[in-house]
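Participant: Sharing a structure below in structure tokens format, with a few things to ask.
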Amino acid sequence: MARLHIDQVSKIYTGTQRAVDAVSIDVDDGEFLVLVGPSGCGKSTLLRMIAGLEAITEGAITIGERVVNDLDPAARDIAMVFQNYALYPHMKVYDNMAYGLRNRGIARDEIDRRVREAATTLELGPLLERKPRELSGGQRQRVAMGRAIVRNPAAFLFDEPLSNLDAKLRSHMRVEIKHLQRSLGITSVYVTHDQLEAMTLADKLVVMNAGKVEQIGAPLDVYERPASTFVASFIGAPAMNLIPFSALGDDGRLGLRDATVATIGFRPQDIIEVANDNEDGDGLSLRFVVDAVEPVGSESYLHGKVGAERVVVRIDGRAPHREGDRIGIAVPSERLHAFDADGRRLEGWRTPDAVGDAGTAMRKTRAT
Ligand SMILES: Nc1ncnc2c1ncn2[C@@H]1O[C@H](COP(=O)(O)OP(=O)(O)OP(=O)(O)O)[C@@H](O)[C@H]1O
Ligand SMILES: [Mg+2]
């Protein structure tokens, strides 16, 4: 087991384009780190540099006490689990799990002990004599995990290991992987583009965008305090509503005249339905026009507009709203997020200090 230290690491494949751009991340011993971001943002590239499957253009990667930049993959003491599992189709489960150990010349008894122990942990005991084609997707996944576990590596690397599974199995395997990682206590880096998977698995979440780190933090902290409009719209489903500040109308902007707020955000579930949008109080109050109702049972999502801006809100499933309804919605001030013109989160923008003498909280407003 080991710490992993990624220091100002970049990757240039060709030309000057950086697939990974000066990324620095620390993974503590036994920690489960998840890299999440849209397709092409550099997640796999970073993972492959950690594994030694891709050369590091700039920066340094340290595993334990060793800088591994120039070490072969085999010498890095790391196990990688890929999306397609890469099991040997002609070998039994037992041999798939034992293969890497035999290659290293480990004694037969020791191999047998490790394979059976891993098989017990993964509930693969009864399947050891089967071939991969005789297994379900989830079982194959577990064999791939088993093959990694028997090596007793310093760290696990996962590249979208669940993306080939159906939704139900995926959520089941998610729980299993988390449980397994916890009980083994092995430092892990897990790559996914699925924000829900990222939120549920991670001890520490890294949100990447276009080769760069947008934010690092505990999943709920990232969710509660997204560092940028990118993170705000990427983490959480349905996505946070982001409205240009200028669309709020004069009333709303008044109190924030001196601030640098460019975008206001609120999550669909953070609204309160109000009978009368002229109510006083801190926060934002808006007139919302419903153009589609999406009932999911316990709750409904209303899609519609505030002024010209698209907004999604979540309401109780029994609320009787229909297309064309106009309703008042309010967002409490502590549930509002504010971002500057570069999309960076603004802190303290609600306090008198941050906005100057002009005002305190953003008061009721109405989209025009
Ligand atoms: N071998 C390569 N040669 C040149 N460019 C590459 C190579 N591999 C990846 N890239 C480019 O580097 C960027 C990052 O790719 P990467 O595979 O790391 O993305 P990713 O975040 O894993 O995406 P996905 O979620 O689709 O798997 C992309 O623009 C990609 O086209
Ligand atoms: Mg990838």
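The values are calculated or read from the model by the stated rules, or taken from the named source; none is laboratory data. Predicted model, so just to flag it, every value in this text is computed and none were measured. For neighbour counting, all protein chains shown are included, and Cβ atoms are generated from backbone atoms with ideal geometry for every residue, glycine included. Ligands, DNA and RNA are stripped out before the accessible areas are found, and what is left, the full protein with its side chains, is counted by its heavy atoms. Shrake-Rupley method; radii C 1.70, N 1.55, O 1.52, S 1.80 Å.
Participant: What are the ³J(HN,Hα) couplings of region 304-316, residue after residue, when phi is run through the Karplus curve with 6.51, -1.76, 1.60 and θ = phi - 60°? Round to Hz, x for glycine and proline.
Facilitator: x, 9, 10, x, 9, 8, 6, 9, 10, 10, 9, 10, 4
Participant: Sticking with this structure for a sec: Starting from the Cα of Lys178, draw a straight line to each of the lysines and keep only those under 23 Å, dropping any in the same chain fewer than 8 residues away.
Facilitator: Reachable lysines: Lys43, Lys168, Lys204.
Participant: Which angle between 0 and 90 degrees, to the nearest 10, do you get for helix 167-184 versus the longest principal axis of the chain when only C-alpha atoms count?
Facilitator: 70
Participant: Would you tally the net charge around Tyr99, using a Cβ to Cβ cut-off of less than 11 Å, leaving Tyr99 out, and scoring K and R as +1, D and E as -1? Display every interim value, and only then the final one.
Facilitator: Working: positive: Lys92, Arg102, Arg104, Arg147, Arg151; negative: Asp95.
Taking every Cβ under 11 Å from that of Tyr99, the sum is +4.
Participant: Hey, another quick one. Around Arg151, with a cut-off of 14 angstrom between Cβ atoms, what is the net charge of the other residues, counting Lys and Arg +1 and Asp and Glu -1?
Facilitator: Numbers: positive: Arg76, Arg102, Arg104, Arg113, Arg114, Arg147; negative: Asp77, Glu110, Glu117.
Cβ neighbours under 14 Å give a net charge of +3.
Participant: On a full-extension model of 0.36 nm per residue, what is the gain between His303 and Arg130, subtracting their alpha-carbon distance, rounded to one decimal in nm?
Facilitator: On the way: separation 173, 0.36 × 173 = 62.28 nm, distance 4.99 nm.
Extra length available between His303 and Arg130 comes to 57.3 nm.
Participant: Choose one answer from Lys212, Lys131, Lys11: the residue with the largest mean-square fluctuation in a GNM of the chain with alpha-carbon springs under 10 Å.
Facilitator: With Cα springs under 10 Å in the chain, the top fluctuation among Lys212, Lys131, Lys11 is at Lys131.
Participant: How would you rank 337-348, 164-175, 138-149, highest first, on the average number of other Cβ atoms within 10 Å across their residues?
Facilitator: Numbers: 337-348: 16.1, 164-175: 14.4, 138-149: 23.1.
In descending order of packing, they fall as 138-149, 337-348, 164-175.
Participant: Could you order Glu309, Glu160 so the one with the most accessible surface comes first? Probe is 1.4 Å. Before the final figure, lay out the partial values.
Facilitator: On the way: Glu309 50, Glu160 25 Å².
Largest accessible area first, the list is Glu309, Glu160.
Participant: List the aspartates and glutamates whose Cα lies under 12 Å from the Cα of Lys92, skipping any in the same chain that are fewer than 8 positions away.
Facilitator: Glu129, Glu134
Participant: Have a look at Ser246, Ser233, Ser298 and tell me which one the Gaussian network model of the chain (Cα, springs below 10 Å) gives the largest fluctuation.
Facilitator: Among Ser246, Ser233, Ser298, the largest mean-square fluctuation in the Gaussian network model of the chain belongs to Ser298.
Participant: Once amide H atoms are built 1.01 Å from N in the peptide plane, which residues 5 or more positions from Val20, or in another chain, come under 5 Å H to H?
Facilitator: Excluding prolines and chain starts, which carry no amide H, the hits are Lys11.
Participant: Quick one: angle between helix 108-121 and the longest Cα principal axis of the chain, in degrees between 0 and 90, rounded to 10, please.
Facilitator: Orientation of helix 108-121: about 30 degrees from the principal axis.
Participant: Go through region 215-232 residue by residue and turn each phi into a ³J(HN,Hα) via Karplus (6.51, -1.76, 1.60, θ = phi - 60°); whole Hz please, and just put x for glycine and proline.
Facilitator: Result, rounded to whole Hz: 6, 10, x, 5, x, 6, 5, 5, 5, 6, 9, x, 6, 8, 5, 4, 5, 4.
Participant: To two decimal places, what compactness ratio does the chain give when its Cα radius of gyration is scaled by 2.2 N^0.38 Å?
Facilitator: That works out to 1.20 for the chain.
Participant: I would also like to ask the following. To test your reading of the geometry: what angle, between 0 and 90 degrees and rounded to tens, separates the Cα axis of helix 93-103 from the longest principal axis of the chain?
Facilitator: 70
Participant: For Arg66, Arg322, write out the residues from largest to smallest accessible area, computed with a 1.4 angstrom probe and no ligands counted.
Facilitator: Result, largest first: Arg322, Arg66.
Participant: Compute a Gaussian network model of the chain, connecting alpha carbons closer than 10 Å, and tell me which residue from Val296, Val191, Val213 fluctuates the most.
Facilitator: Of Val296, Val191, Val213, the Gaussian network model singles out Val296 as fluctuating most.
Participant: Residues with beta-carbon under 15 Å from that of Lys178, excluding Lys178: net charge, scoring Lys, Arg +1 and Asp, Glu -1?
Facilitator: My count for the surroundings of Lys178 gives 0.
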